[in-house]
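Comments concern the structure below.
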Amino acid sequence: MEDIQSIKSWKVINDVPFAIAGPCSAETEEQLYTTCKGIKAQDITMLRAGIWKPRTRPGTFEGVGEIGLEWMEKVKTELEMPAAVEVANAKHVELALKYNMDVLWIGARSTVNPFTVQEIADALKGVDIPVIVKNPINPDLALWKGAIERIYMSGIKQIAALHRGFSSFEKTKYRNVPMWQIAIALKSDMPNLPLLCDPSHIAGTRDLILPVSQKAIDLNYDGLMIETHYDPDKALSDAKQQVTPHRLGEILEAIKIRQTTSDNQEFNSILETMRNQIDNIDREILESMAARKSLVDKLGEYKKENNVTVFQSNRWLEVFKTRAEWGSQLNLQKEFVGKLFKLIHDESIRLQSKILNNDKEKVSK
Ligand code: PEP
Ligand code: MN
């Protein structure tokens, strides 16, 4: 997928990072126009609006449908701004194209379903329009990649991924928990793929939109999609997370944009020294791991000779407890140390099981 095009090739984008803003849903012609006019006064590249709303429970506002596209076409023509809408089936694609939308996006509830994504991909064959693929609602990297691949295979080369957080059963301060590492993993598999963030659906509340946006920009995201409504409290969907155009302007103003590189010689030389130190430490970590592994191998042989099981739960509990304590004394986060030792311990068990079961395969593999 090397020929996925950079976001700068999208004719509707002239600079990065950029922002897409607009209401969660188009509600009335007046609401859409007033909101978008307010947005135009801010530094916004593209408008958005939901036309068909995928609501979790029935009986709530489900979008205005085709008429919303008619309003959006008028608004975007009058304000001279490009517009993006969500599509969830072939008919939506056909209508979005009929009303000259500039960008399409696939929502989180559609990305989870390969049938839906394939239907959209088939409807896009031979069409030249950028498509944004939101992450699926569950933290499944393969599903997200699969949706991107389906769109790519339909011939679309202008694709961006959009991180909107993942749903979880536990209550958290976020509506959808951001999992920055999943987006980073996606980016390392598909390095050309532009990456956007939707802080509104991650946050769920207005006060978290700025910190989430800042985090995305610090991670070098190419753009943000922020839900905006001229009177958010009266919004028919996602009222708590929508901001006024004025607040949108303040948020964008407050975001600090940092460079990925610097021309400052001194900075670059200090950076290089620090990176060399980190390289050395990483090497030491791996050497320690290798030393640990040879002890684990010996331990495996010893357990085998004495006919003792690989896993002893009291030992595991002790390892887990003491390492967390040692870590806290060293100012390391308990959760991080826990995860690290779970990984190390799982590997020890895997190696020892091979020894105990006399695997023909070499243990180090
Ligand atoms: C939306 O952007 O309005 C939307 C429905 O988002 P998501 O698919 O991320 O839930
Ligand atoms: Mn919404």
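Based only on the alpha carbon positions, what is the Kirkwood hydrodynamic radius of region 7-254, in angstrom?
Radius from the Kirkwood sum: 17.7 Å.
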| Could you give the accessible area per residue of region 291-365, probe 1.4 Å, as a whole number in Å²? | 76 Å²
| task | Within region 116-218, list the GluC sites (Glu not before Pro) lying in a DSSP loop whose Cβ has at most 12 other Cβ atoms in a 10 Å radius. | result | Glu170
| remark: Relative to the chain, whose Cα atoms define the longest principal axis, helix 265-305 and its Cα axis are tilted in degrees, nearest 10, by 50 degrees
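Once the mean 1/r over all distinct Cα pairs of region 265-364 is inverted, what Kirkwood radius in angstroms do you read off? Mind showing how you got there, number by number?
Values: mean 1/r = 0.0631 Å⁻¹.
Evaluated on region 265-364, it is 15.8 Å.
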| In whole Å, what are the Cα extents of region 17-74 along the three principal axes, biggest one first? | 36, 24, 14
| note | Amide H neighbours of Ile132 at under 5 Å, excluding residues fewer than 5 places away on the same chain, with H built from the backbone geometry, are Leu104, Trp105, Ile106, Ala160
| message | To test your reading of the geometry: what angle, between 0 and 90 degrees and rounded to tens, separates the Cα axis of helix 209-218 from the longest principal axis of the chain? | response | 60 degrees
| request: Note down the relative contact order for region 265-364 as a percent, whole number, built from C-alpha pairs under 8 angstrom at least six residues apart. | output: 33 percent
| task | For Asn89 paired with Trp316, estimate the spin-label separation in nm (one decimal), with each label point 7 Å from Cα along the Cα-to-Cβ line. | result | 4.8 nm
| field | Selection from Pro232, Ser9, Pro191, by position along the positive dipole direction of the chain (Cβ) | value | Pro191
| Sequence-distant residues sharing a close amide H with Ala83 (under 5 Å, placed H) | Leu47, Asp102, Val103
| field | R0 of 35 Å, Cβ-Cβ distance Leu356-Leu332: FRET efficiency to nearest 0.05 | value | 0.60
| When only the heavy atoms of the protein chains count and the probe is 1.4 Å, how do Glu266, Glu80, Glu227, Glu325 rank by accessible area, highest first? | Glu80, Glu266, Glu325, Glu227
| Taking a probe of 1.4 Å, how large is the accessible area per residue of region 143-248, in Å²? | 41 Å²
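Which pairs in the list Lys98/Lys157; Lys53/Lys76; Lys134/Lys334 are over 27 Å apart, alpha-carbon to alpha-carbon?
Over 27 Å Cα-Cα: Lys134/Lys334.
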| Pairs beyond 26 Å (Cα-Cα), from Lys173/Lys234; Lys145/Lys256; Lys74/Lys187 | Lys145/Lys256; Lys74/Lys187
| said: Using the crude model of +1 on Lys and Arg Cβ and -1 on Asp and Glu Cβ, and no other charge, please compute the dipole size for region 270-365 relative to its Cα centre, in debye to 20. | reply: 340 debye
| task | Obtain the nm distance between the two label points defined at Phe169 and Met289 by a simple spin-label model: each point lies 7 Å from its Cα along the Cα-to-C-beta direction. | result | 3.2 nm
| message | Using only the alpha-carbon atoms, how far is helix 180-189 inclined from the longest principal axis of the chain? Give it as 0 to 90 degrees, nearest 10. | response | 90 degrees
| query | Between Val308 and Asp279, what is the FRET efficiency for a Förster distance of 41 Å, r being their Cβ-Cβ separation, to the nearest 0.05? | reply | 0.55
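For the pair Asn220 and Lys74, what calculated FRET efficiency results from E = 1/(1 + (r/R0)^6), where r is the Cβ-Cβ distance and R0 = 45 Å, to the nearest 0.05?
Between Lys74 and Asn220 the formula returns 0.80.
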| request: Taking amide H positions as placed in the peptide plane 1.01 Å from N, state which residues far from Gly165 in sequence (5 or more) or on other chains have amide H under 5 Å from it. | output: Met179
| message | For q values of 0.13, 0.15, 0.19 Å⁻¹, compute log₁₀ I(q)/I(0) with the Debye formula on a Cα-only model of region 154-280, without solvent. | response | -0.67, -0.83, -1.10
| query | Taking the chain as a Gaussian network, Cα atoms linked when under 10 Å apart, which of Thr60, Thr322, Thr228 shows the biggest mean-square fluctuation? | reply | Thr322
| query | Along the charge dipole of the chain, Cβ charges K/R +1 and D/E -1, which of Met289, Thr273, Ile151 sits furthest on the positive end? | reply | Met289
| message | Based only on Cα atoms, what mean projected area does the convex hull of region 104-215 have, in nm²? | response | 6.8 nm²
| said: Accessible area of the chain with a 1.4 Å probe: how many percent of it is carbon plus sulfur? | reply: 53 percent
| task | Please turn the phi angles of region 121-134 into ³J(HN,Hα) values with the Karplus equation 6.51 cos²θ - 1.76 cosθ + 1.60 (θ = phi - 60°), one per residue in order, whole Hz, x for glycine and proline. | result | 4, 5, 5, 8, 4, x, 9, 10, 8, x, 10, 9, 10, 6
| request: Take the alpha carbon atoms of region 1-99, find their radius of gyration, then divide it by 2.2 N^0.38 Å using N residues; give the quotient. | output: 1.14
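Compute the length gained on full extension between Lys125 and Ala41: take 0.36 nm times their separation in residues and subtract their Cα-Cα distance, giving the result in nm to one decimal.
Gain in length upon complete extension: 26.6 nm.
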| Note, ³J(HN,Hα) from phi for region 136-145, Karplus 6.51, -1.76, 1.60, rounded to Hz, x at Gly and Pro | x, 5, 9, x, 10, 4, 4, 5, 5, 4
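The values are calculated or read from the model by the stated rules, or taken from the named source; none is laboratory data. Predicted model only: the values in this text are computed from it and were never measured. Positions of Cβ are backbone-derived with ideal geometry, glycine not excepted, and every protein chain shown enters the neighbour counts. Keep in mind that these areas ignore ligands, DNA and RNA; they rest on the heavy atoms of the full protein, side chains included. Shrake-Rupley method; radii C 1.70, N 1.55, O 1.52, S 1.80 Å.
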